1. Does ILE23 meet the test of being assigned to a helix (DSSP H, G or I), at pLDDT 80 or above and out of contact with any helix residue (DSSP H, G or I) (no Cβ under 7 Å at 6 or more places or on another chain)?
2. Please enumerate the residues belonging to segment 101-121 that are over 18 Å from LEU154 (Cβ atoms), surrounded by 13 or more Cβ atoms within 10 Å (Cβ to Cβ) and within 24 Å of the chain's Cα centre (by Cα).
3. In this structure, does PHE56 turn out to be surrounded by fewer than 15 Cβ atoms within 10 Å (Cβ to Cβ) and not assigned by TED's automatic domain parsing to the domain that holds PRO174?
4. Quick one: which helices (runs of 4 or more DSSP H) sit completely within segment 140-197 and have at least 3 residues that are under 27 Å from LYS227 (Cβ atoms)?
5. In segment 91-103, is there at least one residue being in contact with a Phe, Trp or Tyr (Cβ under 7 Å, 6 or more places away or on another chain), farther than 18 Å from VAL256 by Cβ, part of a helix (DSSP H, G or I) and among the hydrophobic types (A, V, I, L, M, F, W, C)?
6. Which condition number does ILE173 fail, the rest of (1) in contact with a Gly (Cβ under 8 Å, 6 or more places away or on another chain); (2) crowded, with 18+ Cβ neighbours inside 10 Å being met?
7. Could you figure out which of (1) over 22 Å from ARG188 (Cβ atoms); (2) within 19 Å of the chain's Cα centre (by Cα); (3) touching a residue at least 24 places away in the same chain (Cβ under 8 Å) isn't true of ILE140?
8. So if I check each of VAL246, VAL264, VAL208, which one is in the same structural domain as ASP147 (by TED's automatic domain parsing), among the aliphatic types (A, V, I, L, M), assigned to a helix (DSSP H, G or I) and surrounded by fewer than 17 Cβ atoms within 10 Å (Cβ to Cβ)?
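The values are calculated or read from the model by the stated rules, or taken from the named source; none is laboratory data. Just so we're clear, the structure is a prediction, and the values are computed from it rather than from any experiment. Cβ atoms come from the backbone with ideal geometry, glycine included; neighbour counts cover every protein chain shown.
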Amino acid sequence: MSHSVMSKLSFFTAVAACALSCIPVFILLVGAITGEYELMECLGGIFQEQGDTYFFLFPSYPTLRGFIEVLLDKPDFYVVFWNSVKLTCLIILGQIFFSVPAAWGFSRWHGKLSSLLFYLYTILMLLPFQVTMLSNYIVINDMGVLDTHAAVILPAVFSTFPVFIIYRSFIGIPEEVFEAFSLDSSSRLKMFWNIGIPLAMPGIKSAVLLSVIEYWNMIEQPLLFLKTPSLWPFSIYIPGINYDNVQYIFVFSLIVLTPMILIVFWGKDEISNGIGSIALKK
């Protein structure tokens, strides 16, 4: 197969993948500006188990009423929005505080015990939440923080995934750099602060952005650990919206999606550069 044919095939494949990925976003956008009665009619087969289910390229009578009601008449919106922001920000701050020093320690501490602990860390990273769900629940319940935001924040702060990414960035720093710095200063803290963190910054930024995306959209943890509706984030509040307020589902979902779109556009280079630099490490 010629190079030009392969290039065209790759191009059309990329266009098709992009188009398919954009369809759900387009449906959210159209649904958010569609009137409530028109939505109830076209989605009756989903919510009432009767009638047809269909969609359209553009509503017959577009309206912004859903946005106005959510932003002005729905105090629950601001409660769940703040909960999502609070949980995500505290988790990220906690991960930076613990993951960066932990990754530095693994990268500079050489020995059999260090390797064993890092392998255990890697195994824990590969375990899905469902495997550790029961044990996490027991520990959190014994700590007395069940049905509080701490129940969601504490396990996430000690996640192994950011440690692994930042560790790969630290070990990619040439040893000659540390040796040259040691000639001027013997302080390990200064080496960590002046050499380690600046040179590992692509990996740190990647870990932060990927964690923001993960924990902004998390479902299992708040669904298991939070029973009080006033503590819920967006991710478990949206499914609770009923058929009578079906337009709010689209409006809420679109608002939740907007920060993620901004992060991807703003941080796509940081994510790709950080992950790319990690992949090249030996």
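1. Details: assigned to a helix (DSSP H, G or I): yes; at pLDDT 80 or above: yes; out of contact with any helix residue (DSSP H, G or I) (no Cβ under 7 Å at 6 or more places or on another chain): yes.
Yes; evaluated as a whole, the condition is true for this residue.
2. The initial filter retains those residues of segment 101-121 that are over 18 Å from LEU154 (Cβ atoms), namely 103-120.
If we keep only those that are surrounded by 13 or more Cβ atoms within 10 Å (Cβ to Cβ) too, we end up with 103-108, 114, 117-118.
Result: ALA103, TRP104, PHE118.
3. Details: surrounded by fewer than 15 Cβ atoms within 10 Å (Cβ to Cβ): yes; not assigned by TED's automatic domain parsing to the domain that holds PRO174: yes.
So PHE56 fits the description; yes.
4. 149-157
5. Of segment 91-103, the ones in contact with a Phe, Trp or Tyr (Cβ under 7 Å, 6 or more places away or on another chain) are 91, 98, 103.
With the extra rule that they be farther than 18 Å from VAL256 by Cβ, the set shrinks to 98, 103.
Filter once more, keeping what is part of a helix (DSSP H, G or I): 98, 103.
Applying the additional criterion that residues be among the hydrophobic types (A, V, I, L, M, F, W, C) yields 98, 103.
Among the residues of segment 91-103, at least one is in contact with a Phe, Trp or Tyr (Cβ under 7 Å, 6 or more places away or on another chain), farther than 18 Å from VAL256 by Cβ, part of a helix (DSSP H, G or I) and among the hydrophobic types (A, V, I, L, M, F, W, C), which makes the answer yes.
6. Failing condition for ILE173: (2).
7. Checking ILE140 against (1) over 22 Å from ARG188 (Cβ atoms); (2) within 19 Å of the chain's Cα centre (by Cα); (3) touching a residue at least 24 places away in the same chain (Cβ under 8 Å), the one that fails is (2).
8. Working: VAL246 fails: surrounded by fewer than 17 Cβ atoms within 10 Å (Cβ to Cβ); VAL208 fails: surrounded by fewer than 17 Cβ atoms within 10 Å (Cβ to Cβ).
The match here is VAL264.
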